[in-house]
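Everything below concerns the one structure shown next.
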Amino acid sequence: MPFTWKEVILFIASLLMIVIVLLQDTKQDSSSALTGEKNGLFSATKARGFDLVMTYATLGIAIVYVVFAVLKVAL
């Protein structure tokens, strides 16, 4: 059974989402995540440069993924 174009777009969007999330920088030290330490957890730093682009790319790919997942189920 061949894949439909919606399934292909979902597959590509899921791969892009994985790659984009892996390329993002972590916001906190992993040791503090295990111990429960709160070192600036809600600090008022804004994303700039590459981090801002990756944030918008993640949001865009997530929206594409959700829209095509709903379309695949609905149609």
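The values are calculated or read from the model by the stated rules, or taken from the named source; none is laboratory data. Note that the coordinates shown come from a computational prediction; the quantities given were computed from them, not determined experimentally. Cβ sites come from the backbone with ideal geometry, for glycine too, and all protein chains shown count toward neighbours.
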note = Looking across the stretch 1-28 at residues that are surrounded by 14 or more Cβ atoms within 10 Å (Cβ to Cβ) and either without any contact (Cβ under 8 Å) to a residue 40 or more places away in the chain or charged (D, E, K, R) (or both), the single one that is farthest from LEU75 (Cα to Cα) is GLN24
message = Looking at the structure I just gave you, is SER14 small (Gly, Ala, Ser) and at pLDDT below 90?
response = no
remark   = With the first residue restricted to the stretch 47-72 and required to be touching a residue at least 60 places away in the same chain (Cβ under 8 Å), and the second required to be assigned to a helix (DSSP H, G or I), Cβ contacts under 8 Å at 6 or more apart or on different chains are PHE68/LYS6; PHE68/ILE9; PHE68/LEU10; PHE68/ALA13; LEU71/LYS6; LYS72/LYS6; LYS72/GLU7; LYS72/LEU10
